[in-house]
Amino acid sequence: MIEVELADRQTVQYIVRRFHLRLKHKLGQNFLIRPDVVRAIAEAAELEAGTPVMEIGPGIGTLTQALARTGANVTAFEIDRSLEEVLAHTMEPYPNVHIIYEDVLKADLPGILGDKTWHAAANLPYYITTPILLYLIQSELPIALFVFMMQKEVADRIMAEPGSKAYGALSIAVQYYCTVEKILDIPPTAFIPRPAVTSTVLRMRRRETPAVVVKEEKLFFRLVKMGFGQRRKVFTNAMKTGGIPSELGEAILARAGVDGKRRGETFSMEEYARLADAWHDLK
Ligand code: SAM
């Protein structure tokens, strides 16, 4: 069987015509047409023959093909059943690809992934990037490495450092669980149809232990939420609005050695961790 390059402008256009596809903007259907980009994503995913890798949103199989060519065992979740006929054709040469037609957020991932260690790769649907990412990263699922394409603006927020405009709860949520590396930026011309924005591929590697050790994770994330929920407030006031009585708030700040006149958006993860432990101790 002749293997065609799927991540190619003419191939994608042909498939769209041949299968009478109507690309669904609301499902984030922008297909890659750059073979070098799908190869770079597959390479960044560190796959070897037999590595279990999950993909979110195979679409017509552009990235799936690059993943499959490494010999990895690909399990892909696609919400759009109308792509089933296309994928049956495009994935025919790859017995190592298994497609599950389900919303990845509703699938029984613990049951499907089992206890093997997985890698994950995706050109994520933009309308749901953050919920998918946070769900996979914050869960106890056995995924060690994530190589995800997303809007550059979201990638910038994930990588941001304290005090910068892009720094926020998302930066902390991801950096707490993972180390983050930028792999490459991709222009809108790499897709059909063209999105309005530049995209970025990030590699996120799950840490053995979170970036900071806290006595009670729940308190750490509640403080982060207070700090970024009201970015313009100094932290003393943000704590008050967040339901911590003034006196307790002052005691927490003093015990943690953090100045409550600063805004939460300037705090490092270590400072949030000290505050969380102080709160735990004083509760
Ligand atoms: N991987 C292909 C590529 O790179 O050319 C397509 C990527 S496209 C940006 C996103 C894909 O995710 C679409 O095929 C869309 O139907 C699918 N999708 C959207 N929401 C989904 C969900 N909740 N679960 C699984 N797949 C989803």
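What to note about this one:
- Residue in the stretch 209-217 that is farther than 30 Å from VAL147 by Cβ and either touching a residue at least 40 places away in the same chain (Cβ under 8 Å) or open to solvent by 30 Å² or more (accessible area, probe 1.4 Å) (or both) present: yes
- Test: PRO95 is out of contact with any Gly (no Cβ under 9 Å at 6 or more places or on another chain), in a helix (DSSP H, G or I) and surrounded by fewer than 18 Cβ atoms within 10 Å (Cβ to Cβ): no
- For the stretch 261-283, residues that are open to solvent by less than 10 Å² (accessible area, probe 1.4 Å) and more than 20 Å from SER171 (Cα to Cα) total 1.
- From the list VAL224, VAL197, VAL234, the one residue that fits, being buried (at least 17 other Cβ atoms within 10 Å of the Cβ), of a type in the set (A, V, I, L, M) and either over 19 Å from PHE148 (Cα atoms) or modelled with pLDDT of 95 or more (or both), is VAL224.
- Consider the stretch 22-32 and keep the residues that are farther than 16 Å from ILE132 by Cβ and near the ligand (Cβ under 8 Å from one of its atoms). The one that is modelled with the lowest pLDDT is LYS24.
- When the stretch 131-168 is filtered for residues that are crowded, with 18+ Cβ neighbours inside 10 Å and more than 17 Å from GLU181 (Cα to Cα), the ones remaining, listed by number, are ILE132, LEU136, GLY168.
- Given (1) at pLDDT below 95; (2) touching a Ser or Thr at 6+ places or on another chain (Cβ under 8 Å), index of the condition ILE158 fails: (1)
- Some residue of the stretch 67-86 being within 10 Å of the ligand (Cβ to nearest atom), among the hydroxyl-bearing types (Ser, Thr, Tyr) and surrounded by 15 or more Cβ atoms within 10 Å (Cβ to Cβ): no
- Meets criteria (within 16 Å of the ligand (Cβ to nearest atom) and either at pLDDT 95 or above or out of contact with any Lys or Arg (no Cβ under 6 Å at 6 or more places or on another chain) (or both)) for PRO142: no
- Residue in the stretch 22-34 that is open to solvent by 60 Å² or more (accessible area, probe 1.4 Å), closer than 19 Å to VAL4 by Cβ and not hydroxyl-bearing (Ser, Thr, Tyr) present: yes
- Test: residue in the stretch 106-118 that is in a loop (DSSP other than H, G, I, E, B), within 18 Å of the chain's Cα centre (by Cα) and away from the ligand (no atom under 11 Å from the Cβ): yes
- When the stretch 35-65 is filtered for residues that are open to solvent by 20 Å² or more (accessible area, probe 1.4 Å) and within 13 Å of the ligand (Cβ to nearest atom), the ones remaining, listed by number, are PRO35, ARG39, ALA40, GLY57.
- Residues considered: LYS106, LYS116. Of these, the only one that is open to solvent by 40 Å² or more (accessible area, probe 1.4 Å) and either touching a residue at least 24 places away in the same chain (Cβ under 8 Å) or of a type outside the set (Lys, Arg) (or both) is LYS116.
- Pairing residues of the stretch 9-30 that are under 13 Å from PRO193 (Cα atoms) and among the small types (Gly, Ala, Ser) with residues that are open to solvent by 100 Å² or more (accessible area, probe 1.4 Å) and within 12 Å of the ligand (Cβ to nearest atom), at Cβ distances under 8 Å and at least 6 apart in sequence or on separate chains, gives GLY28/TYR127.
The values are calculated or read from the model by the stated rules, or taken from the named source; none is laboratory data. Note that this is a predicted model, so its numbers are computed, not measured. Neighbour counts run over all protein chains shown; Cβ positions are idealised from the backbone, glycine included. In case anyone asks, the SASA skips ligands and DNA or RNA and just uses the protein heavy atoms, side chains included. Shrake-Rupley method; radii C 1.70, N 1.55, O 1.52, S 1.80 Å.
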